[in-house]
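One structure below.
The values are calculated or read from the model by the stated rules, or taken from the named source; none is laboratory data. Model, not experiment: these values are computed from the prediction. Cβ sites come from the backbone with ideal geometry, for glycine too, and all protein chains shown count toward neighbours.
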Amino acid sequence: MKKTVFLLAGIIVISNLLWLYLFLDRDAEVAVNSDVSLYSLHGTGEAWDVHDYKIIITADKILRGHASLSYKGDPSGLSQSTFFEYKFYEKSSQGEKEVVYANEFHSNNGALSILDNVKDIGSLTGPYSYSELEKDRTNYENTALEITWEDNEGRRHTETISLEIDKEINIRADE
């Protein structure tokens with residue numbers, strides 16, 4: 001019984017010290033007086049649709065991704081594919097097309113499961129890159145997706161889909 005009481009008391013003390021550290025740690029502090037923007041985009045192409053591509057902009061980071069892609073063709077036509085790639089482009093503040101998020105899948109010893117890999121394409125979160133702070137809604141509404149895939153016969157296909165802002169949320173901090 002005494003061991004249990006000491007163990008529980010120790011856990012409570014350690015837990016309180018951890019919370020105190022997190023509360024006082026300036027690096028873990030979230031910027032309260034900052035703006036946050038969320039853009040959700042979608043697009044339709046000939047062979048693929050893009051759903052819920054997200055761009056989330058906070059005071060010190062930007063997240064891109066978490067879209068799902070749906071193939072409009074016969075799924076069996078991709079069952080033996082060994083290559084799939086996607087690249088998301090935005091227009092830079094200078095008007096140039098730049099890749100902001102990309103991924104590539106390939107296999108040498110068997111087929112890829114493309115349709116399983118596009119239900120959620122994942123995301124990329126990081127600090128602002130060069131000239132990122134110069135971007136605004138206009139840059140994000142000019143986002144495009146370039147998809148390249150290989151069919152069962154080994155032919156490569158490429159499709160570019162222009163994305164549109166579907167939903168937008170802006171939270172402005174009062175100072």
- request: Can you run down the residue pairs with Cβ atoms below 6 Å, 6 or more apart or on separate chains, where the first is in the stretch 144-167 and touching a residue at least 12 places away in the same chain (Cβ under 8 Å) and under 15 Å from F105 (Cα atoms) and the partner is surrounded by 14 or more Cβ atoms within 10 Å (Cβ to Cβ) and among the basic types (K, R)?
  value: E146/K87
Candidate set: the stretch 98-150, residues that are touching a strand residue (DSSP E or B) at 6+ places or on another chain (Cβ under 9 Å), among the acidic types (D, E) and surrounded by fewer than 16 Cβ atoms within 10 Å (Cβ to Cβ); chosen: the one nearest to D60 (Cα to Cα): E98
- request: Please give the number of the condition T138 fails out of (1) over 18 Å from the mean Cα position of the chain (by Cα); (2) part of a loop (DSSP other than H, G, I, E, B); (3) within 19 Å of L41 (Cβ to Cβ).
  value: (2)
message: Can you list residue pairs whose Cβ atoms sit under 6 Å apart, with the first residue in the stretch 51-80 being of a type in the set (A, V, I, L, M, F, W, C) and the second being not in a strand (DSSP E or B)? Count only pairs 6 or more apart in sequence or on different chains.
response: I55/Y140; A59/A31; A59/S34; A67/I121; L69/V118; L78/I114
- prompt: Within the stretch 110-135, which residues are in a loop (DSSP other than H, G, I, E, B), within 18 Å of the chain's Cα centre (by Cα) and modelled with pLDDT of 85 or more?
  reply: V118, K119, D120, I121, G122
message: Here's a check for you: in the stretch 112-135, which residue that is in contact (Cβ under 8 Å) with a residue 24 or more places away in the chain and acidic (D, E) is farthest from S81 (Cα to Cα)?
response: E134
message: Looking at the structure I just gave you, is A59 among the aliphatic types (A, V, I, L, M), under 16 Å from S162 (Cβ atoms) and over 16 Å from the mean Cα position of the chain (by Cα)?
response: no
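Restricting the search to the stretch 59-97, which residues are of a type in the set (S, T, N, Q), over 28 Å from I171 (Cβ atoms) and surrounded by fewer than 18 Cβ atoms within 10 Å (Cβ to Cβ)? Full working, then the answer.
First pass over the stretch 59-97, keeping only residues of a type in the set (S, T, N, Q): 68, 70, 76, 79-82, 92-94.
Those still in the list that are over 28 Å from I171 (Cβ atoms) too: 70, 76, 79-82, 94.
Selection gives S70, S76, S79, Q80, T82, Q94.
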